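Worksheet for the structure shown next.
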Amino acid sequence: MALNRWDPAAPAPADDLDARVLTSRLLGQDPSLVLHGGGNTSVKVTRTSIVGAEERLLLVKGSGWDLASIEAAGFTPLRIEPLVALATLDRLSDVEMARQLASYRTDPAAPSPSVEAILHGLLPFTFVDHTHADAVVTLTNTAGGAGLVREVYGASVLVLPYVMPGFDLARLVARSLPSIGPDTRGIVLMNHGIVTFGDTARESYDRMIDLVSVAEAAIAPREPLPAPAPPLPRGPSRRAAIAGLRADVSRAAGAPMIVSVHDDDAVLAFAQHPKVADLSGGGPATPDHVIRTKPAPMLGRDVAAFAAGYTAYFDRCAAGGRAEVTMLDPAPRVILDPELGLVTAGRSAADAAAAEDIYRHTIEIVLNAEALGGYRALSEQEIFDVEYWDLEQAKLRRAGRPAPLAGQVALVTGAAGGIGRAIAGRFLAAGGAVAGLDLDPAVAGAFDGASWLGLGCDVTDAGQVGAALDAVTDTFGGLDILVLNAGIFPAAAPVAELDSELWRRVMRVNLDAAADLLREAHPLLRQAPGGGRVVVIGSKNVAAPGPGAAAYSASKAALTQLARVTALEWAADGIRVNVVHPDAVFDTGIWAGGVLEARAAHYGLSVEDYTTRNLLHTQITSADVAELALALTGPAFAKTTGAQIPIDGGNDRVI
Ligand code: ZN
């Protein structure tokens, strides 16, 4: 339900722009009104130019800003007079509109203005708010359509038929201005959304909440869907099925994709609905959702058939389209599967999450509209025209080169601190989705954002490792890169005094757990879209052991041999396995609290000399090891497997 979030007790806004920021955020923070960059708002102000002239300006939401978090800088200042004059034209191409809007900016550094800037400019009110509120698009996407909307709202709103957003919509609104009287509180745009306006930010905001509440009240409570049959049970075969689906989606997309699986009752019941094909085939609830969801979800798991269907849709509609266009990738973004539930795909975890949010709202909208007589969205050609709108295509073109790990999934063990944490952070910065395992449950909060999944996990416990792999596959769709990093380094002990239990514990963590995880990860890595990669964190001790570290050195030597055999066996699957051998990395927790100083003193060295005891006289940091690990996953090492690379500043015993 849309709640009025205006706080009468809060300090009054300093000026109109301040008020504009405030109510824009109130709208943006309510997902029943605004989702993922949808919606736009504006305010009209008078400002004095640098030469002292008074100018009437429209400050309208800039693209790239989200209403939930918008700031004053997110509103683009445009000269109103020439802007509004554009609406008198009969035609205006998208490209020309964008050029004209850019030329009316009084601040060239301001973002590109909303595509609805002309509409905002010509409505004769200081504040204008536009959303795609769920309840409103539910009413407008019904068989009863405009008649139902008029019945619900009476004369309090102007109802306009669907036209293409942008110039066509602005022109229609310009021609409809005479129909806006003193009692008109908003405009309902069929199959699209709602506009409200007012002389104050609060008036326009209150009207938005009131009109949306009226629509909500018109939607009758509906029977919940019957309880669904259980989803595919978690475990190896479910993981392999999801990774296979991700491989197919990535192949169709032409790039690795993040795939995320949701099987709560609400979405599973919809995916199992006997009429799911009809319900889901009707198109998006508001046009700009098509960018995130494609025109319709894929049903089941036949990606090749979906891609063929998408290509046929493109061929049909491009012929009747508005401009020459290039086909987007034909991979699905939303998948409904009776055994998996709702599966969403994107080039990043955030994109997959946005598609999930939008489709969860779409499910509610479709079911509510069905209860009101049937869900009727836009025609195929109208959806196509928005999906291939030049302004949307331009956004995609601006996106630039993808990050090195875009769409790829890495799992790093021992990720709460030290080298593991540095690798996880580096992979995230490279655009990857990263799952970090660690005995320390604080790993969950090691990083923020949709691309991070931190899981408390004892890697020596098969049950916990299985559950972690289940979570990784459900969250990101599979596994491209495995970094075997977790390890323990016990206190020095000579062989003559070995503690058997400690020896076995070192072997369990440093060696046995790695072997188990390799076996469990193999079915996922072999389905990695760009070929699986394993990076094993060995040790300088393998080639140059020291006295007192028998258990550690032996475990790392055995781990290295395990990696070499794995490289031999998995090359046929396109999986590369390489080992890095760092010397002691001193910027980690184990050396803190005076340990480093004590070790240096033990050897009669200064800390500086102790930490740079190598041929290059350089200190090895965890960030250095992370950089090498990233390189091993990338094109520089695309033809390398079974290699061992020292990162130790040069050691005459290793060389
Ligand atoms: Zn809109």
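The values are calculated or read from the model by the stated rules, or taken from the named source; none is laboratory data. Fair warning: this is a prediction, and the values are worked out from it, not measured in the lab. All Cβ positions, glycine included, derive from the backbone under ideal geometry; neighbour counts span all protein chains shown. Side chains are part of the model used for accessible areas, which takes the heavy atoms of the whole protein and leaves out ligands, DNA and RNA. Shrake-Rupley method; radii C 1.70, N 1.55, O 1.52, S 1.80 Å.
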**Item:** In region 100-120, the residues that are part of a helix (DSSP H, G or I), within 16 Å of the ligand (Cβ to nearest atom) and open to solvent by 10 Å² or more (accessible area, probe 1.4 Å)
**Value:** none
**Asked** Out of all the residues in region 611-622, is one or more in contact (Cβ under 8 Å) with a residue 40 or more places away in the chain, under 15 Å from residue 484 (Cβ atoms) and buried (at least 19 other Cβ atoms within 10 Å of the Cβ)?
**Response** no
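Could you tell me which of the residues 572, 601, 544 is at pLDDT 90 or above and within 26 Å of residue 522 (Cα to Cα)?
Numbers: 601 fails: within 26 Å of residue 522 (Cα to Cα); 544 fails: within 26 Å of residue 522 (Cα to Cα).
None of the other options fit; the residue is 572.
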**Prompt:** Do any strands (runs of 3 or more DSSP E) entirely within region 170-286 hold 1 or more residues that are within 16 Å of the ligand (Cβ to nearest atom) and touching a Gly at 6+ places or on another chain (Cβ under 8 Å), and if so, which?
**Reply:** 193-198
**Prompt:** Would you say residue 529 is at pLDDT 95 or above, surrounded by 16 or more Cβ atoms within 10 Å (Cβ to Cβ), under 31 Å from the mean Cα position of the chain (by Cα) and not in a helix (DSSP H, G or I)?
**Reply:** yes
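Kindly evaluate residue 128 against the criterion of being in a loop (DSSP other than H, G, I, E, B), within 16 Å of the ligand (Cβ to nearest atom) and either open to solvent by 40 Å² or more (accessible area, probe 1.4 Å) or not polar (S, T, N, Q) (or both). I'd like the intermediate steps shown before the answer.
Numbers: in a loop (DSSP other than H, G, I, E, B): no; within 16 Å of the ligand (Cβ to nearest atom): yes; either open to solvent by 40 Å² or more (accessible area, probe 1.4 Å) or not polar (S, T, N, Q) (or both): yes.
When the stated conditions are applied, residue 128 does not pass them.
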**Prompt:** How many residues does region 254-288 hold that are closer than 20 Å to residue 393 by Cα and open to solvent by 20 Å² or more (accessible area, probe 1.4 Å)?
**Reply:** 3
**Message:** Considering only residues that are assigned to a loop (DSSP other than H, G, I, E, B) and closer than 17 Å to residue 648 by Cβ, which ones fall in region 557-602?
**Reply:** 583, 584, 585, 586, 587, 588
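Given the residues 3, 26, which is the only one that is open to solvent by less than 70 Å² (accessible area, probe 1.4 Å) and either in contact with a helix residue (DSSP H, G or I) (Cβ under 9 Å, 6 or more places away or on another chain) or within 16 Å of the ligand (Cβ to nearest atom) (or both)? Give the steps one after another, and end with the answer.
Numbers: 3 fails: open to solvent by less than 70 Å² (accessible area, probe 1.4 Å).
Result: 26 is the single residue among 3, 26 that is open to solvent by less than 70 Å² (accessible area, probe 1.4 Å) and either in contact with a helix residue (DSSP H, G or I) (Cβ under 9 Å, 6 or more places away or on another chain) or within 16 Å of the ligand (Cβ to nearest atom) (or both).
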**Prompt:** Restricting the first residue to region 58-73 and requiring it to be aromatic (Phe, Trp, Tyr), which pairs with a second residue that is crowded, with 20+ Cβ neighbours inside 10 Å meet a Cβ separation below 8 Å and a spacing of at least six or different chains?
**Reply:** 65/74
**Message:** Please verify whether residue 58 is away from the ligand (no atom under 16 Å from the Cβ) and either closer than 15 Å to residue 117 by Cα or among the aromatic types (Phe, Trp, Tyr) (or both), treating the condition exactly as stated.
**Reply:** yes
**Message:** If residue 583 meets every condition in (1) open to solvent by 20 Å² or more (accessible area, probe 1.4 Å); (2) in contact (Cβ under 8 Å) with a residue 60 or more places away in the chain; (3) out of contact with any Gly (no Cβ under 8 Å at 6 or more places or on another chain) apart from one, which number is that one?
**Reply:** (3)
**Message:** Looking at region 86-99 only, could you name the residues that are open to solvent by 50 Å² or more (accessible area, probe 1.4 Å), in a helix (DSSP H, G or I) and either closer than 19 Å to residue 17 by Cα or not acidic (Asp, Glu) (or both)?
**Reply:** 88, 95, 99
**Asked** Is there any pair linking a residue in region 20-48 that is without any contact (Cβ under 8 Å) to a residue 24 or more places away in the chain to one that is open to solvent by 60 Å² or more (accessible area, probe 1.4 Å) and more than 15 Å from the ligand (Cβ to nearest atom), with Cβ under 9 Å and at least six apart or on different chains, and which?
**Response** 46/54; 46/56; 48/54
**Prompt:** Does at least one position in region 351-369 carry a residue that is open to solvent by 40 Å² or more (accessible area, probe 1.4 Å), touching a residue at least 60 places away in the same chain (Cβ under 8 Å), in a loop (DSSP other than H, G, I, E, B) and assigned by the TED database to the domain that holds residue 274?
**Reply:** no
**Message:** Return the residues of region 326-346 that are buried (at least 20 other Cβ atoms within 10 Å of the Cβ) and not in a strand (DSSP E or B); say none if nothing qualifies.
**Reply:** 330, 331, 332, 333, 340
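I want to confirm something. Restricting to region 447-466 and keeping residues that are part of a loop (DSSP other than H, G, I, E, B) and of a type outside the set (D, E, K, R), which single residue is least open to solvent (accessible area, probe 1.4 Å)? If you could, list the steps in order and put the result at the bottom.
Restricting attention to region 447-466, the residues satisfying the condition of being part of a loop (DSSP other than H, G, I, E, B) are 447-451, 457-461.
The next check asks that each one be of a type outside the set (D, E, K, R); those that pass are 447, 449-451, 457, 459-460.
On the way: 447: 50, 449: 55, 450: 52, 451: 33, 457: 6, 459: 24, 460: 59 Å².
Going through the qualifying residues, I end up with 457.
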**Prompt:** So which residues in region 38-64 are within 17 Å of residue 19 (Cα to Cα) and hydrophobic (A, V, I, L, M, F, W, C), if there are any at all?
**Reply:** 43, 45, 57, 58, 59, 60
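Of 474, 461, 512, which residue is outside the structural domain of residue 256 (by the TED database) and closer than 23 Å to residue 241 by Cβ?
Details: 461 fails: closer than 23 Å to residue 241 by Cβ; 512 fails: closer than 23 Å to residue 241 by Cβ.
On inspection, the qualifying residue turns out to be 474.
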**Request:** Kindly establish whether residue 138 is modelled with pLDDT of 95 or more, of a type outside the set (A, V, I, L, M), part of a helix (DSSP H, G or I) and open to solvent by less than 20 Å² (accessible area, probe 1.4 Å).
**Result:** yes
